[in-house]
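The structure under discussion appears below in the form of structure tokens.
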Amino acid sequence: MSYDNAPLVKTDNGNPCHIAIIMDGNGRWAKKRFMPRVMGHRAGVKSVKNIVEFCNEQKIEVLSLFAFSSENWRRPPEEVSLLMKLFSVTLGLEIKKLAKNNVKLICIGDRSAFPSELQDKIAEGEAVTHNNSGLTLVVAANYGGHWDIAQAANQVAIKIQTGVLSNAVITEALISEHLSTASLPNPDLFIRTGGEERISNFLLWQLAYTEFYFTPTLWPDFTPTVLQQAIDSFKGRQRRFGRTGDQVLAKTNSL
Ligand code: IPE
Ligand code: IPE
Ligand code: MG
């Protein structure tokens, strides 16, 4: 979508259409309780379930959750393997419920680095929820914004080399169409829990015009009430997409 046509109102009720969250603070949540970090990750899964359920009920179209970054491999091997296990077990336990609740699962990121059993579970989860029409749940695992842009560029290069694309002019739209989020609208609202105020290589391209919301709440303490506060903050903002505030008001009034 070109910014010239960027809509000023996304949904009838003013809710964001796509919410993207960096779920941060699991480790600190556990540390505060003198528990191993793994307990924080386990507690974080509970928040994921509550937030997915809430977004589905609220008819949010897309919820993207950053579960494991391409940089998280730098963590101690025990923590990495535990995160893999937790992802795999949670997928196994939750997929039926997601399917029943009409949630469509999409995983983005370089899954080739995962154990083959986990890759199979991801593929199965996506397949059984493929035709669902409720919330689209995007789980970013072994995801990096740099990786995403590079893999899109690679796909385009291959298409040009093999003659699938005859026009070698690379446009913004062409890159967007090859990102892992190609079928999705860009996020309207970005939330990071845990108090840090950075993107940590999440959806770099896609966040170009997203509204940001940072909260000190640690991810395991994140509830639908805190999410609603973020949504309310979003609703109170004027999105200008480069225009002046007066232009936006005039356009909104004429809608
Ligand atoms: C986020 O919580 C979860 C993942 C990165 C998988 P952290 O584990 O980063 O928690 P903190 O930042 O150490 O508190
Ligand atoms: C970002 O959190 C990745 C996920 C939440 C999956 P990190 O805790 O890894 O981010 P940094 O390293 O502190 O920036
Ligand atoms: Mg962290």
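The values are calculated or read from the model by the stated rules, or taken from the named source; none is laboratory data. Bear in mind the structure is a predicted one, so any value in this text is a computation, not a measurement. As a convention, Cβ positions derive from the backbone with ideal geometry for all residues, glycine included, and neighbour counts pool all protein chains shown. Calculation scope for accessible area: heavy atoms of the full protein, side chains included, ligands and nucleic acids excluded. Shrake-Rupley method; radii C 1.70, N 1.55, O 1.52, S 1.80 Å.
Some notes on this structure:
- Each stretch of four or more DSSP H residues adds -39500 (n - 2.57); spread over every residue of the chain, this sum gives -14000 deg cm²/dmol at 222 nm.
- Farthest positive-ward along the chain dipole, Cα basis, beta-carbon charges - from 118, 144, 83: 83
- Under 19 Å from residue 159, Cα to Cα: lysines that are on another chain or at least 8 residues apart: none
- Counting only Cβ charges, +1 for Lys and Arg and -1 for Asp and Glu, the dipole size of the chain around its Cα centre is about 640 debye.
- Cα-based Rg and Dmax for the stretch 15-254, where Dmax is the largest Cα-Cα distance (Å): 18.7, 60
- Solvent-accessible heavy-atom area per residue, rounded to whole Å², over the stretch 15-254 at 1.4 Å: 50 Å²
- GluC sites (Glu not before Pro) lying in DSSP loop within the stretch 174-236, provided at most 11 other Cβ fall within 10 Å: 197
- Eligible lysines near residue 59 by straight Cα distance, threshold 23 Å, same-chain separation 8 or greater: 10, 46, 49, 96, 97, 100, 104, 235
- For the stretch 15-254, the fraction of 1.4 Å probe accessible surface lying on carbon and sulfur atoms is 54 percent.
- For the stretch 28-90 versus the stretch 144-195, the gap between their alpha-carbon centres in whole angstrom: 26 Å
- Protein-only accessible surface order, largest first, of 219, 29 at 1.4 Å: 29, 219
- By accessible area with a 1.4 Å probe, ligands and nucleic acids excluded, highest first: order of 209, 143: 209, 143
- Annotation: aspartates and glutamates with alpha-carbon distance below 19 angstrom to residue 31 (same-chain offsets under eight excluded): 78, 79, 196, 221.
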